[in-house]
């Protein structure tokens, strides 16, 4: 419903000092949106969810191509969303291969994943290239509060040897602003929350203590603005706003719970109190905030390094006390492969929760997911052989009614992953002729079949 | 497990349309040379869109390289997707008809669709990047279609200069005159062209199929292929095999080599060669005294049993080494 007055898309609920909360797309914004962007088209968002150490491919790839039938085991949790996703096989990152640089596939594959550049094997003299998400951020970032947001979950070291002579800068960052400028991910949900809904600066310890003392929600700081806005909205928009603010409050509560739990577990633990010890809980918090950030058009670009290459994280919560990376060197031993499959499934299950939120969030007459391109993938396929071809890649979302979803497509073997990036840059309104080791666009994602010429 | 030391042998890039049994057997010669460590087969690419032929060449790669294993992957076949598919000789399907006692096929065709192959330009680029500088060469056995297209690929000329030392061509000029003109005009490293004289002088003996090939491996796919290609008995001219032999063993003196000069190709496909010290082309000519030795060598190489390559992890190049550990100061 439109109430006469047009609400600017970049309206914030502001509070005293600390809060600046962006808004979801409301009906009242529709005329403004039409004026500021392509006619009737909401913005396209793009996110990368990177999982490390490859996948057990027999449980990742279906035995068929074309329209999805039953999804393979690892992707099972995405069954309710299979009509919204497209699986692309045979994409390759040649720059992840050794190319005379010897061992270090993990360092190379994550370092080059979004840059398409063979990274310099070095511990101190890091050299990569700008990642394609940052090319997009440079072009369209001014249209949102944050040009891009970089997230992670378990390691943000920027120095040291993380793989056979490759700096940790390569394994612990996905996004690169330039050759030597990685963009370290935010790991702490509290830090992310404050970045998204604060005034752009992290709260000082005093501010945080004051807020905590009075147990005030960040929403309390914007009450006046909220009431003013509500009085100008129709009932549909009021309901949308209420749901949106409730989702922010829910994330805030999750963070508070995690902080409280962590204090009880170990008051001396050295990670921030806001980082939950539970993987699923941490993932849920971070991904919920991605959805909110997209919903409020705070940013259109997110990279999420779920865990880093070579991680030896154990997944005791699903009965796997072994480290992830050692398991992936399974030497074809069935028990090790099975444990790795379970980890792969577990990751996708968490991802499916995020997709559900994206799909149930309405934006205009579509869902937020319809206006997004959410890539879930890895920089290795078979981790035991350290293969850089047939990289596990799915895109969920229609990219603004572009992708013909609900199917698996196979590119020609050795097709550069960067070809997909070119196509995605087109969708983001930032076409470039060449990126990384691209050889052309990945044409046909909107048609019945890929262009294999 | 044995590890090599120093540089590996030179990487061979074999491009053909596989329109003659000679160009098919040249793939066997190439692997025979690899088995003797005279080269490594980097990739095989095909210049016509024919899945049956690509499937055969891909099967040959698997035959020689053995099953894919950790650190021993079989590169996909590069295949051009434009142009005419051309004739599909029975040679390319016959080996797939052989079955084991349990009814399973002896050889499996893994190339069913275009997506099972790779773009030749991408293959050239990706596998050239994996070679040491100056440690590769191209062999052309057929029309120059793929190589001409590669010259227009972003950064390819620089890669060819950096990574390869020469191209040896048994070129079917008339099959793609424009491509041949482009390759002889622009190929950025020296080119050795099998002359018509040499093409006619080296003849592969068909009798070796029932002798040497059968003795080495009665199930060799080349036995069925050769017999299906044409009514036996027959011998075949061997320019592609000669080109392959020279490429991997240029210093063995199997052939006479002309002085430097320039190959010019007219629009009607006629070729001329004019000597000039600044030219970057040379002709390979037959040496009557070596003729028998050449034929004997080709038979030995083509019929050799597959030698599964050992894992080779080369030392890291000096300029690519990770930083040396910083010495701790007391």
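Looking at B:76, B:67, can you tell me which residue is within 10 Å of another protein chain (Cβ to nearest Cβ), assigned to a loop (DSSP other than H, G, I, E, B) and under 30 Å from residue A:101 (Cα atoms)? Reasoning before the result, please.
On the way: B:67 fails: within 10 Å of another protein chain (Cβ to nearest Cβ).
Criteria check complete, one pass: B:76.
Test residue B:314 against the stated conditions and say whether it is within 14 Å of chain A (Cβ to nearest Cβ) and modelled with pLDDT under 75.
yes
Quick one: which of A:377, A:319 is in contact with a strand residue (DSSP E or B) (Cβ under 6 Å, 6 or more places away or on another chain) and under 19 Å from residue A:59 (Cβ atoms)? Talk me through it step by step, then tell me what you get.
Working: A:319 fails: in contact with a strand residue (DSSP E or B) (Cβ under 6 Å, 6 or more places away or on another chain).
Sole residue among the options that is in contact with a strand residue (DSSP E or B) (Cβ under 6 Å, 6 or more places away or on another chain) and under 19 Å from residue A:59 (Cβ atoms): A:377.
With respect to the numbered conditions (1) touching a helix residue (DSSP H, G or I) at 6+ places or on another chain (Cβ under 8 Å); (2) part of a loop (DSSP other than H, G, I, E, B); (3) within 14 Å of another protein chain (Cβ to nearest Cβ), which one is the sole condition not fulfilled by residue B:150?
Going through the list (1) touching a helix residue (DSSP H, G or I) at 6+ places or on another chain (Cβ under 8 Å); (2) part of a loop (DSSP other than H, G, I, E, B); (3) within 14 Å of another protein chain (Cβ to nearest Cβ), residue B:150 breaks only (2).
Working only within the stretch A:114-169, note down all residues that are more than 26 Å from residue A:438 (Cα to Cα), part of a loop (DSSP other than H, G, I, E, B) and within 14 Å of chain B (Cβ to nearest Cβ).
Selection gives A:123, A:124, A:159, A:160, A:164, A:165.
Checking residue A:421 against (1) closer than 30 Å to residue B:128 by Cβ; (2) outside any loop (DSSP other than H, G, I, E, B); (3) away from chain B (no Cβ under 12 Å); (4) out of contact with any helix residue (DSSP H, G or I) (no Cβ under 6 Å at 6 or more places or on another chain), which single condition isn't satisfied?
So the condition that residue A:421 fails would be (4).
Can you find even one residue in the stretch A:201-219 that is modelled with pLDDT of 95 or more and assigned to a helix (DSSP H, G or I)? Spell out how you get there, then give the answer.
Of the residues in the stretch A:201-219, the ones modelled with pLDDT of 95 or more are none.
No: zero hits.
Failed condition for residue B:109, given (1) in contact (Cβ under 8 Å) with a residue 24 or more places away in the chain; (2) under 30 Å from residue B:190 (Cα atoms), with all others met?
Looking at each condition in turn, residue B:109 falls short on (2).
Just to be sure I understand the filter: pairs with C-beta atoms under 6 Å, separated by 6 or more residues or on different chains, first member in the stretch B:177-191 and assigned to a strand (DSSP E or B), second member at pLDDT 95 or above and surrounded by fewer than 23 Cβ atoms within 10 Å (Cβ to Cβ). Which pairs pass?
Close Cβ pairs (under 6 Å, with a partner that is at pLDDT 95 or above and surrounded by fewer than 23 Cβ atoms within 10 Å (Cβ to Cβ)) amount to B:191/B:281.
Considering only the stretch B:79-99, state which residues are more than 11 Å from chain A (Cβ to nearest Cβ) and closer than 17 Å to residue A:412 by Cα. Reasoning before the result, please.
Taking the stretch B:79-99 first, the residues more than 11 Å from chain A (Cβ to nearest Cβ) are B:83-99.
None; the set is empty.
Is one or more of the residues making up the stretch B:131-139 out of contact with any strand residue (DSSP E or B) (no Cβ under 8 Å at 6 or more places or on another chain), assigned to a loop (DSSP other than H, G, I, E, B) and farther than 20 Å from residue B:191 by Cβ? Quick ask: steps written out before the conclusion?
Here is the first cut: in the stretch B:131-139, the residues out of contact with any strand residue (DSSP E or B) (no Cβ under 8 Å at 6 or more places or on another chain) are B:132-133.
Checking which are assigned to a loop (DSSP other than H, G, I, E, B) leaves us with B:132-133.
The next check asks that each one be farther than 20 Å from residue B:191 by Cβ; those that pass are B:132.
Scanning the stretch B:131-139, I find at least one residue that is out of contact with any strand residue (DSSP E or B) (no Cβ under 8 Å at 6 or more places or on another chain), assigned to a loop (DSSP other than H, G, I, E, B) and farther than 20 Å from residue B:191 by Cβ, so the answer is yes.
Let me confirm something: among B:48, B:62, B:40, which residue is surrounded by fewer than 23 Cβ atoms within 10 Å (Cβ to Cβ) and over 14 Å from the mean Cα position of the chain (by Cα)? Walk me through it before giving the result.
Values: B:48 fails: surrounded by fewer than 23 Cβ atoms within 10 Å (Cβ to Cβ); B:40 fails: over 14 Å from the mean Cα position of the chain (by Cα).
Within the list B:48, B:62, B:40, the selection yields B:62.
For residue A:328, indicate whether it is under 24 Å from residue A:111 (Cα atoms) and either at pLDDT 95 or above or surrounded by fewer than 16 Cβ atoms within 10 Å (Cβ to Cβ) (or both). Give the derivation first.
On the way: under 24 Å from residue A:111 (Cα atoms): yes; either at pLDDT 95 or above or surrounded by fewer than 16 Cβ atoms within 10 Å (Cβ to Cβ) (or both): yes.
Answer is yes for this residue.
Name the residue that is farthest from the other protein chains (Cβ to nearest Cβ), counting only residues in the stretch A:429-444 that are in contact with a strand residue (DSSP E or B) (Cβ under 6 Å, 6 or more places away or on another chain) and either at positive phi or in contact (Cβ under 8 Å) with a residue 40 or more places away in the chain (or both). First the steps, then the outcome.
The initial filter retains those residues of the stretch A:429-444 that are in contact with a strand residue (DSSP E or B) (Cβ under 6 Å, 6 or more places away or on another chain), namely A:437-439.
Next, only the ones that are either at positive phi or in contact (Cβ under 8 Å) with a residue 40 or more places away in the chain (or both) stay: A:437-438.
Values: A:437: 7, A:438: 9 Å.
For the stretch A:429-444, the residue satisfying everything is A:438.
For every residue, the table says whether it meets (1) surrounded by 18 or more Cβ atoms within 10 Å (Cβ to Cβ); (2) under 14 Å from the mean Cα position of the chain (by Cα).
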{"site": "B:116", "(1), (2)": "yes, no"}
{"site": "B:124", "(1), (2)": "yes, yes"}
{"site": "B:134", "(1), (2)": "no, no"}
{"site": "B:139", "(1), (2)": "yes, yes"}
{"site": "B:161", "(1), (2)": "no, no"}
{"site": "B:182", "(1), (2)": "yes, no"}
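Any residue at all in the stretch B:88-101 that's within 10 Å of residue B:50 (Cα to Cα) and surrounded by 13 or more Cβ atoms within 10 Å (Cβ to Cβ)? Give the steps one after another, and end with the answer.
The first filter runs over the stretch B:88-101 and keeps only residues within 10 Å of residue B:50 (Cα to Cα), leaving B:88.
The next check asks that each one be surrounded by 13 or more Cβ atoms within 10 Å (Cβ to Cβ); those that pass are B:88.
Within the stretch B:88-101 (the criterion being within 10 Å of residue B:50 (Cα to Cα) and surrounded by 13 or more Cβ atoms within 10 Å (Cβ to Cβ)), the answer is yes, since at least one residue qualifies.
Specify the residue that is surrounded by the most Cβ atoms within 10 Å (Cβ to Cβ); the eligible residues are those in the stretch A:65-88 that are within 14 Å of chain B (Cβ to nearest Cβ) and within 20 Å of the chain's Cα centre (by Cα). Let's see the steps before the verdict.
Keep residues of the stretch A:65-88 that are within 14 Å of chain B (Cβ to nearest Cβ), which gives A:65-66, A:87-88.
Okay, now just the ones that are also within 20 Å of the chain's Cα centre (by Cα), so A:87-88.
On the way: A:87: 26, A:88: 24.
Across the stretch A:65-88, the extreme among qualifying residues is A:87.
The values are calculated or read from the model by the stated rules, or taken from the named source; none is laboratory data. Because the structure is predicted, anything quoted here is derived from the model rather than measured. All Cβ positions, even for glycine, are placed from backbone atoms using ideal geometry, and neighbour counts span all protein chains on display.
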